[in-house]
């Protein structure tokens, strides 16, 4: 997705519309991602291969020890003012080296033994597995348009409020500080240093089978209205190189990868690949459940349309290079709220090719 604009602009990708029409190949088979591979010229350049979504993974023993239940985690609410029940739960799950919880007097935020939440104040400009699923419940979306936006909405007050809340979790000792851990989320959960964290669906099989631990999985938070869940789903796509001498054969291959049979086989072998075709996903989920890995949280999110596709955007390779250091400076307290208008302007300029 990051390089789609560059490759399409350079005419490196073959338009698929004529192949789709000739074979009467229905794009309705895919559950998400079709629009993400349509370029500004209106042509389709890719077929969705997979999809992904975030969820919360949590240490069930730590939850029980804190006096909480699975239902508490499954129904967490959030708002940027007081953090909702998510904040209360994360605080309760946090303990310092003396055994004090973050919601108790005398808690030492500088000497934390177990963080109630994984890092949510990230430098990822999409926030796919961190702040994105929180702010999305308010109706906020990254782009000012669903496809090929001209600006990223970092100038909205709700964005500033959300970032302030996320950074504040680390300031309060409820989440690790930016850069504190060099290991991934699953490893943090496995180490016992974090009780609850948000991560991507591609980690589910590993996280839910951590040796010696009982790990639960829960949906993303309910928003300020108490009913809305929303999270971003990125989709990889299969394309044909415009310079290929075997375009018909290439089409046969990528169109085969866009069948239920092929995607089922691939998913059963991979264990972390979420098929873009619902029938294949259903078979994969059933197979994983027989191994003790329950993926129903992700299936439910897709069925209830709680996930939305990532917007394709221009000059993707430069976006990350430009924005990531600005996010990092905020999370490290090198800058404050003044950075958000700068983020908005910087993103707008990069998208327009003015960087």
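The values are calculated or read from the model by the stated rules, or taken from the named source; none is laboratory data. Everything quoted here is computed from the prediction, not taken from an experiment. In this analysis, Cβ positions are derived from the backbone assuming ideal geometry, glycine residues included, and neighbour counts consider all displayed protein chains.
A few notes on this one:
- Restricting the stretch 102-111 to residues that are touching a residue at least 12 places away in the same chain (Cβ under 8 Å) and touching a strand residue (DSSP E or B) at 6+ places or on another chain (Cβ under 9 Å) leaves a set whose member that is surrounded by the most Cβ atoms within 10 Å (Cβ to Cβ) is 102.
- Residues of the stretch 272-290 satisfying the condition of being touching a residue at least 40 places away in the same chain (Cβ under 8 Å) and more than 17 Å from residue 49 (Cβ to Cβ): 288
- When every residue of the stretch 316-333 is checked against the conditions, at least one turns out to be in the same structural domain as residue 72 (by TED's automatic domain parsing), out of contact with any helix residue (DSSP H, G or I) (no Cβ under 7 Å at 6 or more places or on another chain) and at positive phi.
- Any hit, the stretch 160-175, residues being in contact (Cβ under 8 Å) with a residue 24 or more places away in the chain and touching a strand residue (DSSP E or B) at 6+ places or on another chain (Cβ under 6 Å): yes
- Residue satisfying condition, being farther than 16 Å from residue 200 by Cα, at pLDDT 95 or above and in contact with a helix residue (DSSP H, G or I) (Cβ under 8 Å, 6 or more places away or on another chain), within set 258, 226: 258
- Where helices (runs of 4 or more DSSP H) fall entirely within the stretch 112-194, those with at least 3 residues that are modelled with pLDDT of 95 or more and surrounded by fewer than 19 Cβ atoms within 10 Å (Cβ to Cβ) are at 157-171.
- Breaking point among (1) without any contact (Cβ under 8 Å) to a residue 40 or more places away in the chain; (2) in a loop (DSSP other than H, G, I, E, B), for residue 226: (1)
- Yes/no for residue 295 being buried (at least 19 other Cβ atoms within 10 Å of the Cβ), closer than 30 Å to residue 88 by Cβ, touching a residue at least 60 places away in the same chain (Cβ under 8 Å) and in contact with a strand residue (DSSP E or B) (Cβ under 7 Å, 6 or more places away or on another chain): no
- Within the stretch 11-20, one or more residues are in contact with a helix residue (DSSP H, G or I) (Cβ under 9 Å, 6 or more places away or on another chain), in contact (Cβ under 8 Å) with a residue 60 or more places away in the chain, part of a loop (DSSP other than H, G, I, E, B) and buried (at least 16 other Cβ atoms within 10 Å of the Cβ).
- Positions within the stretch 86-101 being surrounded by fewer than 22 Cβ atoms within 10 Å (Cβ to Cβ) and touching a helix residue (DSSP H, G or I) at 6+ places or on another chain (Cβ under 7 Å), in sequence order: 101
- Any hit, the stretch 298-311, residues being without any contact (Cβ under 8 Å) to a residue 24 or more places away in the chain, assigned to a helix (DSSP H, G or I) and in contact with a strand residue (DSSP E or B) (Cβ under 6 Å, 6 or more places away or on another chain): no
- Complete set of residues in the stretch 21-37 that are at pLDDT 95 or above and not in a helix (DSSP H, G or I): 23, 24, 25, 26
- Annotation: residue 340 fulfils all but one of (1) surrounded by 13 or more Cβ atoms within 10 Å (Cβ to Cβ); (2) assigned by TED's automatic domain parsing to the domain that holds residue 31; (3) in contact (Cβ under 8 Å) with a residue 12 or more places away in the chain; the unmet one is (2).
- In the stretch 212-221 there is no residue that is surrounded by 17 or more Cβ atoms within 10 Å (Cβ to Cβ) and part of a helix (DSSP H, G or I).
- Complete set of residues in the stretch 320-355 that are closer than 19 Å to residue 132 by Cβ and at pLDDT below 95: 320
- Among the residues making up the stretch 60-86, those that are closer than 25 Å to residue 208 by Cα, under 25 Å from the mean Cα position of the chain (by Cα) and touching a residue at least 24 places away in the same chain (Cβ under 8 Å) are 60, 62, 63, 70, 73, 74, 75, 76, 77, 78, 86.
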